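Heads up, the thing below is written out as structure tokens.
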């Protein structure tokens, strides 16, 4: 199996690359600087590195990068800095999702490619009745106005849900929605839900990045897990101890 990971130098992306390697997957990565990859990943025999900004590549170059891949994963996000939050490109995740989807379709793969997007519980799945209180609507509206990453994450998932849809001949997708991200050293038990079971605004749970990476790798490599969650936006929480 072969997969492309974008956002591989991020805190979750590098964990996803490692999880895929543990499953004997050949991994392609597109990163601005290979030096930001941990040395064991940078020198691994099954990791192929392209140094570039994913949005700087031409359509033909992106098609070459996805051709032959069984799965594509996006762990792209905005750095938690003024430049990362308010600088350009403000629609990094959405534009990457749109362009990678088009690149996959242009290669006309023999079977659908699995596209796995790391998203957020702050985004609703509009295919389901995921209700919000008036106060939650107000806060989310403020986040959309004040913090560009919020609408970027929403629009990226909407591209998969609406533009790619449920019956695309070349692409199947899942958008993974973790709650408040934490750093842990090892995979622990976690829960999966079709929709949030707690308020992401006023009662956020915790999800370790390594658990997110573990689940994304399972989606890409395990047929039964993929069958259970394709075309959906699964929510992931760490399972409480004790």
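Rounding to the nearest 10 and keeping the result within 0 to 90°, find how far the Cα-based axis of helix 92-106 lies from the longest principal axis of the chain.
Relative to the chain, helix 92-106 is tipped by roughly 50 degrees.
Run the simple label-point estimate for residue 58 and residue 145 please: 7 Å along Cα→C-beta, distance reported in nm.
Roughly 4.4 nm, to one decimal.
On a 0 to 90 degree scale, rounded to 10, what angle separates helix 134-146 from the longest Cα axis of the chain?
Long axis of 134-146 versus the principal axis of the chain: about 40 degrees.
Could you compute the FRET efficiency for residue 199 and residue 42, with r as their C-beta to C-beta distance and R0 at 25 Å, rounded to 0.05?
0.05
Which percent, to the nearest 5, of DSSP beta bridges fully inside the chain are antiparallel?
10 percent
When the label point is put 7 Å from the Cα of residue 1 along its Cα-to-beta-carbon vector, which residues of segment 18-48 have a backbone N closer than 12 Å?
What the label zone holds, given the 12 Å backbone N cut-off, is 19-27.
Let me know the shape class of the chain, please: from the alpha-carbon gyration tensor, a ≥ b ≥ c as square roots of the eigenvalues, rounded when a/c is under 1.5, otherwise prolate if a/b is greater than b/c, or oblate.
rounded
In degrees between 0 and 90, to the nearest 10, how far off the longest principal axis of the chain does helix 209-221 point, with axes built from Cα atoms?
60 degrees
Can you tell me the relative contact order of the chain? Whole percent, Cα pairs under 8 Å, sequence separation 6 or more.
So the answer I get is 20 percent.
Report, in deg cm²/dmol and to the nearest 500, the calculated mean residue ellipticity at 222 nm for the chain, where each DSSP H run with n ≥ 4 adds -39500 (n - 2.57) and the sum is divided by the residue count.
Computed mean residue ellipticity for the chain: -10000 deg cm²/dmol.
Exposure proxy check: 30, 201, 236 ranked by fewest other beta carbons within 10 Å?
Lowest count first: 201, 236, 30.
In whole Å, what are the Cα extents of segment 11-60 along the three principal axes, biggest one first?
The principal-axis extents, from largest down, are 31, 21, 20 Å.
Quick note: the coordinates plus some simple rules give every number you see, no bench work behind them. Just so you know, these numbers come straight off a predicted model, no measurement behind them. Positions of Cβ are generated from backbone atoms using ideal geometry, with glycine treated the same way; all protein chains shown enter the neighbour counts.
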